[in-house]
Ligand SMILES: [Zn+2]
């Protein structure tokens, strides 16, 4: 009798132990997964130290998309080259092209926030309007990629924080970003694809000039076709950067 109880207890113990281990592993797995999504501390820390590296790193960034005629071509090239990049999307365009944003996400690229309207008069109308432009964009990204409460943590000011356009407004509004766990990033290299019409040769030369003597490159390009089509020079730009020793990363 006592042996039977002992056996029963031993089985129960093993069973309980198994349940405990399983729930422990499930908790660890879900915690790891939630940390695998962007967290404000990781992203903000990474962005604040982005230029402090002795390695030659190129961060390709594409603004103003998604656009149906350009973004897929860029994604195809990045896939062929096995390179991850960062896309600063415009909320109202995300709403129009959710499938492209889903593809960006599924292929492992970083998705940052570039306001809902890209219209400075709306963006800086009031504090509420500024925050709403950012939050509405996150909501559209979340809907497109199927993640509730998506938070990109990284904003890029339309025209860049450093430009003189709406300068005093940007200096006034930048403090609101930290209220919503956001930081921002500009760039330190570009091919000038949105400035005026250039030949493909000139776009590549612009990139070469602006990347000279820099270890870390945050490169601005656009996946919209407003002035030039950067998808046409992307392969050559990547080949050039590889040939002079750069590796590629995104902000994930
Ligand atoms: Zn822009």
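Summary of values
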item: Span per principal axis, largest first, for the Cα atoms of segment 67-139 (Å); result: 43, 19, 18
item: Packing-based exposure ordering (other Cβ within 10 Å, fewest first) of 161, 153; result: 161, 153
item: Computed over segment 50-249, the ratio Rg/Rh where both radii use C-alpha atoms and Rh is Kirkwood; result: 0.95
item: Residues of segment 79-115 with amide N under 14 Å of a point placed 7 Å along Cα→Cβ from residue 161; result: 113
item: Burial order of peptide ranges 196-206, 233-243 (average beta-carbon count within 10 Å, highest first); result: 233-243, 196-206
item: Within segment 228-250, backbone nitrogen closer than 13 Å to the virtual label 7 Å beyond the Cα of residue 202 toward Cβ; result: 228-229
item: 24 Å tail of the calculated P(r), segment 47-168, as % of Cα pairs; result: 29
item: Estimated distance in nm for a label pair at residue 126 and residue 99, the labels positioned 7 Å out from Cα along Cα-to-Cβ; result: 3.9
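Bear in mind these aren't lab numbers, they're just calculated from the coordinates by the rules spelled out. Keep in mind it's a predicted model, so treat the numbers as computed, not measured. All Cβ positions, even for glycine, are placed from backbone atoms using ideal geometry, and neighbour counts span all protein chains on display.
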